[in-house]
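Step one of this worksheet: look at the structure below.
The values are calculated or read from the model by the stated rules, or taken from the named source; none is laboratory data. Since we're looking at a predicted model, the values are computed, not measured. In this analysis, Cβ positions are derived from the backbone assuming ideal geometry, glycine residues included, and neighbour counts consider all displayed protein chains. Quick note on the areas: whole protein, heavy atoms, side chains included, nothing else; ligands and nucleic acids left out. Shrake-Rupley method; radii C 1.70, N 1.55, O 1.52, S 1.80 Å.
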Amino acid sequence: MKFNLIILILLLTISCKEEKKDVLLADREAPLGWIYLKMYDDFTFDFISRGVLRDENIYSGSYYIKSDTVYFKYKDSIPQAGSMAVIKDGFVIYLNGKYHESVEIKLNNISK
């Protein structure tokens, strides 16, 4: 009886778990690869650098938006693109990185 109750609780937990939804998807082709930005409705994100001759690097964390600026708080390391960006003219443009980075928006469901 106890085993059946545990199984029932596990099944309910798994079936009730909601998947996060994309609110912004952006990318650009990079030398020998791609840069991706995925922002989700639970205020988390993934910044992904992937290439043919290099490993995939995923930088994850949370974000918040104030006015027209997006602030990224990374879990671990910060990519050279930076931690602050603006959304302008169909692009996410990073402002404080070691190099100029921008990714073209493919999906934007961010509500203001």
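A single member of Val92, Val86 is out of contact with any helix residue (DSSP H, G or I) (no Cβ under 7 Å at 6 or more places or on another chain), assigned to a strand (DSSP E or B), surrounded by 15 or more Cβ atoms within 10 Å (Cβ to Cβ) and without any contact (Cβ under 8 Å) to a residue 40 or more places away in the chain, and it is Val86. Against the test of being open to solvent by 50 Å² or more (accessible area, probe 1.4 Å) and at pLDDT below 95, the options Asp76, Asp22, Asp41 yield a single qualifying residue, Asp76.
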